[in-house]
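Got a structure here, written out as structure tokens. Questions coming.
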Amino acid sequence: MPLNALTGSRVRERRLALGLRQAEVAKATGISASYLNLIEHNRRRIAGDVLRRLAQALATEVDALEEGAPDDLAEALRAAAQEPGGERAELERLDEYLGRFPGWAGVTAGLRQRIGQLERAVAALNDRIAHDPHLGAALHEVLSAVSSVRSTAGILAETEDIEPEWRSRFHANLYKDSERLARGAEALVTYLEGAEQDATAGTGSPEEELDRWLAARGWHLEGDAAAEAEALSTDVARDMARRLVAAHSADVKHLPDGAFDAAMEAAEGDPLRVAARMGSSVLSVMRRIALRPGAVEGLVVCDAAGALLLCKPVPGFRPPRFGAGCALWPLFSALTRPFQPIAAELVMAGRNGDRFAARAYAEATFPDGFAGVEVRQAGMLLTPLAGIASAAALRVGATCRICPEGGCPARREPSILAGI
């Protein structure tokens, strides 16, 4: 059942949540109770004027009744369905679930995200136990001290005719070993507490913590971003934030606000033309465009391995934070052709078919000169578009696992939405 056919169900759920009777809402809307009953059971379409009056009577927005849950919530539930046990989920009724129970849908998506965070925390702790040299050294010190204490105590307990001089030596050794054991145990506890805090401080992963911090700031780095970055809970997240803030500061220095705004207006927002006018790198211009206060553009930056370094989402486009993105993104085409601009119109596969103007560009640098290696990065700037997609538009997804596009030639793994 299409989501827009569930407007009546959302009207009913909203009315029941407010504790209102059908007759009360019908009177406030200026329609009969019987007609409202048909609407609530999705047996009558709702005219625009009636929908506006219903939204007013129910103290909500028209969009909340007409559109229902946002796309990212639907994507989160589809991702939850790929977890063990998710094969029993009725994905063909997902729209109905979102329309009738948006609150429960949000709770389910939130729980899935929290479970993922805890699983990654457990994996991180297991990895530390298995491979961390500091943890291994701490455990070795404790076990060594325990063995020494046990050996000395055994000699004292089992040998009755020890000379006083040797007994004093054994007592001194026992005291020293017990002190060593106490210090080792204290160091081990301190280390484990720090490791647990790093892994379970509610961050899930450093990348997620960085994204939440940026989202809380509105995806801009003005003001005291450098000081706020130091409050992040993990060393990795702080390091990533410092590097991003440093890059932004360098971008602002080379592209100051006044000159940048003037160049943007003169170049009609074209990153290549802005970079040429101001003698800057194209990726710096892309970051300045996307990380301005109130910017509507999205931005994805990757390294030469295709790993996503920066992922600023926009409504309708949410790149995966873990795993690979869609192979059809112009980002990856640009990565193989540095210094060659690539522009494309994108249509997101799925129900809404959100459109974007994508501009991708890759740059290569040689920080260590001729004797060093090439460091390559690519960026893709996304500008939301309105209206109907053109025939030349490229259909893309977020990642194969939750992409509904059938028959995609670039698919690398089956979609959990196959057959729906």
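One residue is enough: does region 242-251 have a residue meeting the conditions within 20 Å of Val300 (Cβ to Cβ), touching a strand residue (DSSP E or B) at 6+ places or on another chain (Cβ under 9 Å) and not in a helix (DSSP H, G or I)?
No, region 242-251 has no match at all.
Let me ask you something else. Would you pick out the residues in region 364-392 that are in a loop (DSSP other than H, G, I, E, B) and either of a type in the set (Lys, Arg) or modelled with pLDDT of 90 or more (or both)? Don't jump to the end; show me each part of the working.
So the first thing to find is which residues in region 364-392 are in a loop (DSSP other than H, G, I, E, B), and the list is 366-368, 372-374, 386-392.
Correct list: Phe366, Pro367, Asp368, Gly372, Val373, Glu374.
Restricting the search to region 354-377, which residues are without any contact (Cβ under 8 Å) to a residue 40 or more places away in the chain and either among the hydrophobic types (A, V, I, L, M, F, W, C) or closer than 26 Å to Glu268 by Cβ (or both)?
The answer is Arg355, Ala357, Ala358, Ala360, Ala362, Ala364, Phe366, Phe370, Ala371, Val373.
Something else about it: In the set Ala324, Ala349, Ala343, Ala307, which member is free of Cβ contacts under 8 Å to residues at least 40 places away in the same chain and farther than 21 Å from Arg273 by Cβ? Step through it out loud before you land on a result.
Working: Ala324 fails: free of Cβ contacts under 8 Å to residues at least 40 places away in the same chain; Ala349 fails: free of Cβ contacts under 8 Å to residues at least 40 places away in the same chain; Ala343 fails: farther than 21 Å from Arg273 by Cβ.
That would be Ala307, the only listed residue that is free of Cβ contacts under 8 Å to residues at least 40 places away in the same chain and farther than 21 Å from Arg273 by Cβ.
With the structure loaded, tell me whether Gly406 is more than 25 Å from Ala305 (Cα to Cα), assigned to a loop (DSSP other than H, G, I, E, B) and without any contact (Cβ under 8 Å) to a residue 24 or more places away in the chain or whether it fails that test. Even if it seems obvious, please write down each step before you answer.
Numbers: more than 25 Å from Ala305 (Cα to Cα): yes; assigned to a loop (DSSP other than H, G, I, E, B): yes; without any contact (Cβ under 8 Å) to a residue 24 or more places away in the chain: yes.
Answer is yes for this residue.
Follow-up. Is region 355-363 home to any residue that is among the acidic types (Asp, Glu) and modelled with pLDDT of 95 or more? If you could, list the steps in order and put the result at the bottom.
Taking region 355-363 as the starting set, the residues that turn out to be among the acidic types (Asp, Glu) are 363.
Subset that is modelled with pLDDT of 95 or more: 363.
Yes, there is a match, as at least one residue in region 355-363 is among the acidic types (Asp, Glu) and modelled with pLDDT of 95 or more.
Then there is this: Quick check on this structure: which one of Arg401, Arg395, Arg412 is at pLDDT below 90, assigned by TED's automatic domain parsing to the domain that holds Val314 and not in a loop (DSSP other than H, G, I, E, B)? Working first, answer last.
Details: Arg395 fails: at pLDDT below 90; Arg412 fails: not in a loop (DSSP other than H, G, I, E, B).
Going through Arg401, Arg395, Arg412 in turn, just one is at pLDDT below 90, assigned by TED's automatic domain parsing to the domain that holds Val314 and not in a loop (DSSP other than H, G, I, E, B): Arg401.
Additional query: If a residue counts only when it is modelled with pLDDT under 85, which helices (runs of 4 or more DSSP H) contained entirely in region 1-60 have at least 1 such residues? Spell out how you get there, then give the answer.
Details: elements: 7-18, 22-29, 33-40, 48-57.
The qualifying helices (runs of 4 or more DSSP H) are 7-18, 33-40, 48-57.
What number of residues within region 352-399 satisfy the criterion of being closer than 21 Å to Arg287 by Cβ, surrounded by 15 or more Cβ atoms within 10 Å (Cβ to Cβ) and of a type outside the set (Val, Ile, Thr)?
16
The values are calculated or read from the model by the stated rules, or taken from the named source; none is laboratory data. Source: prediction; values computed, not measured. Here the Cβ is made from the backbone with ideal geometry for all residues, glycine too, and neighbour counts use every protein chain on show.
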